[in-house]
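The values are calculated or read from the model by the stated rules, or taken from the named source; none is laboratory data. Everything numeric in this text was worked out from a predicted model, so none of it was measured. Here the Cβ positions follow ideal geometry from the backbone for every residue, glycine too, while neighbour counts run over all protein chains shown. Keep in mind that these areas ignore ligands, DNA and RNA; they rest on the heavy atoms of the full protein, side chains included. Shrake-Rupley method; radii C 1.70, N 1.55, O 1.52, S 1.80 Å.
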Amino acid sequence: MPLTPSPKRIAAAAAGLALAAAAAVAAAPAASAAPATPSLPSPAACNGCWQPSLQTSWNWVLSTVPSAPFRNVQMYDVDGFNNSAANVSALHSAGIKAVCYLSAGTYENWRPDASQFPSAVLGSGNGWPGEKWLDVREIQKSGSALRKIMDARLDMCRQKGFDMVELDNVDGYTNSTGFPLTAADQLYFNATLANDSHARGMSVLQKNDNEQIPQLLPYFDGALNEQCNQYKECTTAQNGDYGYDQYVAAGKPVFQAEYKLSTSSFCSKDNANDFNGVRFDINLDDKTFQPCR
């Protein structure tokens, strides 16, 4: 006849299974912690670089290559790839400084260097056709492929004669990139590329990453913002501990763009904050240009 295990034997067996499970857990290799982000580099000086004044008139044209006659402004921010050295020279001949727009935080599949990006650094789409977020942590590696790509872009800007660089999409850590980016990762990436711009004799604008303005301010020579009036996030008084007014207080200009608001609803605020405010079309095709001052 079948034997029924006693309660004591059942308890003993259960205890044995528990001990075996505990031993298996103890023997399993521990998950490795993510490597710590390196300390930030010291801010690099930009000796001999163009340093725009607080009040600098400007135009922003990315979806076309501007040609003479240019608008009567002191600075044009244009696409670094699409504009040639001759285009930059034409701006200079008109007495206008030229800013080299680069998307530093995203992959763009139409750029001539697109094939150089390792597949491992390509993340989720950022909402624009053909663009993907980059794993900016890769720049922390010795011999970083991403840094070589970005430095080659900065070399291109310098060789074409640009005076300044605009680094776009440098706030991946606040977005769904497909990577576990941290604020420290983003700071390291942004500071490194700002220093690399300075090393090439070009000043550099902070774009995006509003929350880290206090930490990034020593590395950048000014800032470019989109729609802070629309979203009520321009100043420290609005945000709590960061704001573009901190750039102005440091003697560095703020270039502020709005698309949907009328000039009557934001220009008085920009002027009071000493921002260089302009209303543009969102595709930045030079068809709408309504400066506040």
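Points to keep in mind about this one:
- Extension gain, Asn175 to Asn109: 0.36 nm times the residue separation minus the Cα-Cα distance gives 21.8 nm.
- Taking the Cα centre of segment 60-153 as reference, the dipole from Cβ charges on Lys and Arg (+1) and Asp and Glu (-1) amounts to some 160 debye.
- Diagonalising the gyration tensor over the Cα atoms of the chain and scaling each eigenvalue by 5 before taking the square root yields semi-axes of 49, 22, 18 Å, largest first.
- Loop-located trypsin sites (Lys or Arg not before Pro) in segment 84-185 whose Cβ has at most 16 other Cβ within 10 Å (DSSP): Lys141
- A simple rule links phi to the HN-Hα coupling: the Karplus curve 6.51 cos²θ - 1.76 cosθ + 1.60 with θ = phi - 60°, which for segment 63-75 gives 8, 8, 9, x, 9, 5, x, 8, 5, 7, 9, 8, 8 Hz, with x for Gly and Pro.
- Sorted peptide list for 185-198, 81-94, 221-234, criterion being average Cβ within 10 angstrom, highest first: 185-198, 221-234, 81-94
- Spacing of the two label points (7 Å from each Cα toward its C-beta) at Lys232 and Ser262, in nm: 2.0 nm
- Segment 195-257 has equivalent-ellipsoid semi-axes of 21, 12, 9 Å, by the square roots of 5 times the alpha carbon gyration tensor eigenvalues, sorted largest first.
- Taken along the Cα-to-beta-carbon direction at a fixed 7 Å, the label points for Asp285 and Asp155 span 3.6 nm.
- Its Cα gyration tensor gives segment 148-220 an equivalent ellipsoid. The semi-axes, each the square root of 5 times an eigenvalue, are 22, 13, 10 Å from largest down.
- Diffusion coefficient, µm² s⁻¹, Stokes-Einstein with Kirkwood Rh over alpha-carbon pairs of segment 164-293 at 20 °C and 1.002 mPa s: 140 µm²/s
- Carbon + sulfur, % of accessible area of segment 67-135 - ligands and nucleic acids excluded, 1.4 Å: 49 percent
- Gain on full stretching of the segment that runs from Ser93 to Arg71 - 0.36 nm per residue minus C-alpha separation: 6.6 nm
- Charge dipole (the chain, unit charges on Cβ, about Cα centre) - positive-most of Leu167, Asn239, Gly105: Gly105
- Solvent-accessible area per residue, Å², over the chain with all protein chains present [probe radius 1.4 Å]: 47 Å²
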